[in-house]
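Visitor: Structure below; questions to follow.
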Amino acid sequence: MADAPEVSRRSGVAPFIAMDVMRDATALEGAGGQRIMHLEVGQPSTQAPQAVRDAAARALEVDRLGYTDALGLLSLRQRIARHYGERHGLDIAPERVVVTAGSSGGFILALLACFDAGARVAISEPGYPAYRNILLALGLTPVGIPVGPETRWSLTPELIDEAERRHGRIDGVLVASPANPTGTMMTPAALAELSSACAAQRRWFISDEIYHGIVFGAETATALSSSADAIVVNSFSKYYCMTGWRLGWLVVPERLMRPLERLAQNLFIAPSSVAQAAGAAAFDATQELDANVARYAANRELLLTELPKAGFDSFAPADGAFYLYADVRKLTNDSAEFCHRMLHEVGVAATPGLDFDPERGRQSIRMSFAGSTADMQEAVERLKRWLA
């Protein structure tokens, strides 16, 4: 009998631990009826806005919902472009907008359009684990750069130049503000300085802005304000509460549009038709969406006040998004084992820092406060009893 074909090495990328934790938590709920407090993933606990659901219902009744243009519906691209005028005072041409299958699809398209195999792309550690794994799966080289309190958990031109001296040419830089897992934001000046430094060194600069709209007093800036060559990735998932709709967008320099179009045609055909038909309505639902942000703010305040009473007393600055990145060295030297026990012994799901930082992650965990305030309060009470 012939040997089975070998599995591609690309399938050997590291697991997305937060999703594994969610799978285990869901299994516990299903097997024993245990009520789990879900602090492991960035999943808003509310539905998409009513206007979005109404638009989707209309589309299901009257629209054929066939393939759209690979770049997305022109009407949605126009609405996204107008959003940048309303939110940031920028005049963005719809011809620079690409609608994508969530931000994940946007990252794949942007990275393939910008880099050849083997190119080095700088990312922060801690940082969103899918950055590293997508880069590896595409044959690119992630260059993880440790960040911490001294730079407010953000990359700087100096850190990137040092990484280039150690690892060789850095071809691109990928940052997020607000960041996952820390929630920390770059100031407009810091974002502009980094994008300008990338332009001077002829590096692609990719700005992940999917948590825009979820901020707690900090000033929000888009990389488009300071760089005509920046590539911006955004999504309807987080602020717009449309995680399962799998809809996102890119704003890119015009010279990338035709390469991106060709890639999108072949890889994805087109984004979801029903999600696109409904997506434009999300931009006019800010009253409903800002009420969600007010709840996140209340959850954030509750956790920052009460978690120290359970022993969690050191966090990265949570300027935006809906995460707390907690230093747990006083409680454990193995965050993976700690999170496993926390889930199975007390029914609170959180993500170990190893998901975000392969070198230092054993000393940290991430908690999401995107759920209901009642769930946050219940999670805190369980942790207090458990760690008393």
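The values are calculated or read from the model by the stated rules, or taken from the named source; none is laboratory data. Since we're looking at a predicted model, the values are computed, not measured. Here the Cβ positions follow ideal geometry from the backbone for every residue, glycine too, while neighbour counts run over all protein chains shown. Heavy atoms of the whole protein, side chains included, go into the accessibility calculation; ligands, DNA and RNA do not. Shrake-Rupley method; radii C 1.70, N 1.55, O 1.52, S 1.80 Å.
Visitor: Cα gyration tensor of the stretch 161-281, axes a ≥ b ≥ c as square roots of the eigenvalues: rounded (a/c below 1.5), prolate (a/b > b/c) or oblate?
Guide: Oblate.
Visitor: While we're looking at this one, here's another question. Determine by what factor the alpha-carbon radius of gyration of the chain differs from 2.2 N^0.38 Å, reporting the quotient.
Guide: Ratio of Cα Rg to 2.2 N^0.38 Å: 0.98.
Visitor: So if I average 1/r over every pair of distinct C-alpha atoms in the stretch 215-317 and take the inverse, what Kirkwood radius in Å does that give?
Guide: 17.0
Visitor: Once R0 is set to 35 Å, what does the formula 1/(1 + (r/R0)^6) return for the Cβ-Cβ distance between Ala93 and Arg166, expressed as a FRET efficiency to the nearest 0.05?
Guide: 0.35
Visitor: Sticking with this structure for a sec: Just how far, in whole angstrom, is the stretch 212-247 from the stretch 324-369 if you go by their alpha carbon centroids?
Guide: Cα centroid to Cα centroid, the span is 27 Å.
Visitor: Rounded to whole Hz and in sequence order, give me ³J(HN,Hα) for the stretch 351-359 from the Karplus expression 6.51 cos²θ - 1.76 cosθ + 1.60, θ = phi - 60°, writing x for Gly and Pro.
Guide: Values per residue, Gly and Pro as x: 10, x, x, 4, 5, 10, 8, x, 8 Hz.
Visitor: A follow-up question, please. Determine the gain in length on full extension of the stretch Arg58-Thr141; use 0.36 nm per residue of separation and subtract their C-alpha separation, reporting nm with one decimal.
Guide: 25.4 nm
Visitor: Okay, next question. Skip the ligands, DNA and RNA, and give the accessible area per residue of the chain with a 1.4 Å probe, whole Å².
Guide: About 43 Å² of surface per residue is accessible.
Visitor: Now for a different question. Say we join alpha carbon atoms closer than 10 Å with springs in a Gaussian network model of the chain; which of Arg169, Arg132, Arg366 then has the biggest fluctuation?
Guide: Maximum among the listed residues: Arg169.
Visitor: Another question, if that's okay. Nothing charged except the Cβ atoms of Lys and Arg (+1) and of Asp and Glu (-1): what's the magnitude of the dipole of the chain about its Cα centre? Round to the nearest 20 debye.
Guide: 300
Visitor: Hey, another quick one. Show me the ranking of peptides 190-202, 241-253, 25-37 by mean Cβ neighbours inside 10 Å, starting with the highest.
Guide: Packing proxy ranking, top to bottom: 241-253, 190-202, 25-37.
Visitor: With both partners inside the chain, how many of the DSSP beta bridges are antiparallel, as a percent to the nearest 5?
Guide: Of all bridge pairs located within the chain, approximately 50 percent are antiparallel.
Visitor: Now a separate question. With charges set only on the Cβ (+1 for Lys and Arg, -1 for Asp and Glu), what does the dipole of the stretch 1-154 come to about its Cα centre, in debye to the nearest 20?
Guide: Value, rounded to 20: 320 debye.
Visitor: Could you compute the FRET efficiency for Ala31 and Ala200, with r as their C-beta to C-beta distance and R0 at 56 Å, rounded to 0.05?
Guide: Computed FRET efficiency for Ala31 and Ala200 comes out at 0.50.
Visitor: Carbon and sulfur atoms: what percent of the 1.4 Å accessible area of the stretch 79-213 do they account for?
Guide: Here it works out to 51 percent.
Visitor: Name the residue, out of Asn292, Asn234, Asn266, whose mean-square fluctuation peaks in a Gaussian network model built on the chain with Cα pairs under 10 Å.
Guide: Result for the chain, Cα springs under 10 Å: Asn266 fluctuates most.
Visitor: Can you give the FRET efficiency for Val13 and His340, using 1/(1 + (r/R0)^6), R0 = 30 Å, r = Cβ-Cβ distance, to the nearest 0.05?
Guide: Efficiency at R0 = 30 Å is approximately 0.85.
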